[in-house]
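The values are calculated or read from the model by the stated rules, or taken from the named source; none is laboratory data. Please read all numbers here as calculations on a predicted model, not as lab measurements. Reconstructed Cβ throughout: ideal geometry from the backbone, glycine too, with neighbour counts over all protein chains shown.
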Amino acid sequence: MELREAVVRFAAALRVGLTAEFERDISAADVAQFARNSGDMNPLHTDVEYARSTKLGAPVVHGAFQVALASAMAGMHLPGRNSFLVSYNAQFVRPLYFPCRVSVRGEITAWDPANARGNLKVVVAELPSGATASQIHVGFTCHEAVDTSATLVPNEPAPRVAIGAGGVLITGASGGIGSYLVKELARDCSVMAVVNRRPLHADLIENPRVRQLKVDLSEPESISHLEDMLGSHRLSGIVHAAWPGLLGGGLLTVSHQALEQQISFAVYRTIELARLLANKSENGGARLVVLGSTAGTQKPSLNTAAYSLAKVALEHTVKLLAPELALKQITINAVCPSFLSVGMNAQANERQRLTARAAVPLGRICEIADVLGAIRFLFSKNASFITGQTIILSGGQL
């Protein structure tokens, strides 16, 4: 790299549209060194004769090498020294042959000044043709103190979890989104993490603010069991992220039992969790957030009709519960992300990811950071008057 020291940009100076760029040569020695350091000695990168025998015709640069260039952009150039990376989402457009010279261009595509969190789009392009080799979206936060003068409300602190004496209960806590929610919310409060077949990751179990509760939410009396397990513990909020899985097929072919299970997680469990929160909260201001999907009202899918029907029912359950819960000073809202490459979509192939991304006007798929940001906002003081709403994370899709 040309820079010996990282650029220092404070959070107050960051904004959407800010760009930076650097160039570098990639030699055979660079690729060999990366292979040794990473342990990825795949012959497609390290053996010329083998690579020539494949349809690629020659050795190519590791995809992870290109992700490392995105890391260099974020850590050294934009945002620079004060950044802390929280997620990567990479698409590899075409093979990158070496030796070569590449440009690495970064652009901030999303920025939340209140929480000092954002997204950086990094494009690695071969020179001199300018052909894109990869596009990498990097989620980041800034590890400096947040400048509260950058918030929309003067003299108000940055949005944080609106917690009282109680903690937050998270269903589906070991799932693709749930585990991130546990880690995120445990920064501010105690978390009761509801799991079933799969336990929490070891680092979450060891967190003193996290308590794991094993409950099968498919059982009719599951919420009663959960209330017994909580005992006298008070709650300030609930995030309902559990789901029985993505059910394929149309409504005429789905079994009654399978459809009932989808509806039970969307309607019955949501109502029961609302009752639980009403019983376990105190002094008002409690929050209930449920995880929906754009496959509900926004964009129902015939290929997963039962799933879409249940997600629609979830949205209406939220809307109808809102007036009743408001009388108890409890808000309820739904966050509905579009395609996420975690959880039920964790096994999606590269073609499916590229197809999903192509449908998003913002040019990227929804990321975990987007979901966490929406939920954190709904738990903040700034969202105290928002209830009964469905927040769609579609990136501009109609």
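If Ala20 satisfies every condition in (1) part of a loop (DSSP other than H, G, I, E, B); (2) assigned by TED's automatic domain parsing to the domain that holds Val104 but one, which is the exception?
(1)
Filter region 132-162 for residues that are modelled with pLDDT of 50 or more and in a loop (DSSP other than H, G, I, E, B); which is surrounded by the fewest Cβ atoms within 10 Å (Cβ to Cβ)? Talk me through it step by step, then tell me what you get.
First, pick out the residues of region 132-162 that are modelled with pLDDT of 50 or more: 132-144, 160-162.
With the extra rule that they be in a loop (DSSP other than H, G, I, E, B), the set shrinks to 143-144, 160-162.
Numbers: His143: 11, Glu144: 16, Arg160: 16, Val161: 21, Ala162: 20.
Going through the qualifying residues, I end up with His143.
Which condition breaks for Gly39 when tested against (1) at positive phi; (2) buried (at least 16 other Cβ atoms within 10 Å of the Cβ)?
Gly39 satisfies all of (1) at positive phi; (2) buried (at least 16 other Cβ atoms within 10 Å of the Cβ) except (2).
Out of (1) at pLDDT 85 or above; (2) assigned by TED's automatic domain parsing to the domain that holds Arg364, the odd one out for Gly176 is which?
Of everything listed in (1) at pLDDT 85 or above; (2) assigned by TED's automatic domain parsing to the domain that holds Arg364, Gly176 misses just condition (1).
Cβ-Cβ below 8 Å, separation at least six or inter-chain, first residue in region 164-185 and touching a residue at least 40 places away in the same chain (Cβ under 8 Å), second surrounded by fewer than 24 Cβ atoms within 10 Å (Cβ to Cβ) and among the acidic types (Asp, Glu): which pairs?
Gly164/Glu282; Ala165/Glu282; Gly166/Glu282
Quick one: which helices (runs of 4 or more DSSP H) sit completely within region 31-131 and have at least 2 residues that are over 29 Å from the mean Cα position of the chain (by Cα) and either of a type in the set (A, V, I, L, M) or modelled with pLDDT of 95 or more (or both)?
By residue number, 43-46, 48-52.
I need a count of the residues in region 171-219 that are in a loop (DSSP other than H, G, I, E, B) and among the basic types (Lys, Arg).
Filtering region 171-219 down to residues in a loop (DSSP other than H, G, I, E, B) leaves 172-177, 186-190, 196-201, 206-209, 215-219.
From what's left, among the basic types (Lys, Arg): 187, 197-198, 209.
The qualifying residues number 4.
Does any residue of region 35-44 turn out to be under 29 Å from Gln352 (Cβ atoms), among the acidic types (Asp, Glu) and not assigned by TED's automatic domain parsing to the domain that holds Val371?
Scanning region 35-44 turns up at least one residue that is under 29 Å from Gln352 (Cβ atoms), among the acidic types (Asp, Glu) and not assigned by TED's automatic domain parsing to the domain that holds Val371.
Residues that are under 27 Å from Ser224 (Cβ atoms) and not small (Gly, Ala, Ser): which helices (runs of 4 or more DSSP H) entirely in region 258-368 hold 3 or more of them?
269-280, 305-326
Can you say whether Ala274 is at pLDDT 95 or above and within 30 Å of Cys189 (Cβ to Cβ), as far as the supplied structure shows?
When the stated conditions are applied, Ala274 passes them.
Can you tell me which of (1) farther than 25 Å from Leu127 by Cβ; (2) touching a residue at least 12 places away in the same chain (Cβ under 8 Å) is the one Asp40 doesn't meet?
Every condition holds for Asp40 apart from (1).
Quick test of your reading of the structure: Val290 fulfils all but one of (1) of a type in the set (Val, Ile, Thr); (2) surrounded by fewer than 20 Cβ atoms within 10 Å (Cβ to Cβ); (3) in contact with a Ser or Thr (Cβ under 8 Å, 6 or more places away or on another chain). Name the failing condition by number.
Only one criterion in (1) of a type in the set (Val, Ile, Thr); (2) surrounded by fewer than 20 Cβ atoms within 10 Å (Cβ to Cβ); (3) in contact with a Ser or Thr (Cβ under 8 Å, 6 or more places away or on another chain) is unmet by Val290, namely (2).
Looking at Gly296, Gly249 in this structure, which one is touching a Lys or Arg at 6+ places or on another chain (Cβ under 8 Å) and either in contact (Cβ under 8 Å) with a residue 12 or more places away in the chain or surrounded by fewer than 21 Cβ atoms within 10 Å (Cβ to Cβ) (or both)?
Gly296
Could you please find all residues in region 266-289 being farther than 11 Å from Leu235 by Cβ and in contact with a helix residue (DSSP H, G or I) (Cβ under 6 Å, 6 or more places away or on another chain)?
Passing the criteria: Ala266, Val267, Thr270, Glu272, Ala274, Val289.
Conditions: (1) crowded, with 22+ Cβ neighbours inside 10 Å; (2) farther than 29 Å from Lys381 by Cβ; (3) among the hydrophobic types (A, V, I, L, M, F, W, C). Val267 meets all but one. Number of the miss?
Among (1) crowded, with 22+ Cβ neighbours inside 10 Å; (2) farther than 29 Å from Lys381 by Cβ; (3) among the hydrophobic types (A, V, I, L, M, F, W, C), the lone unmet condition for Val267 is (1).
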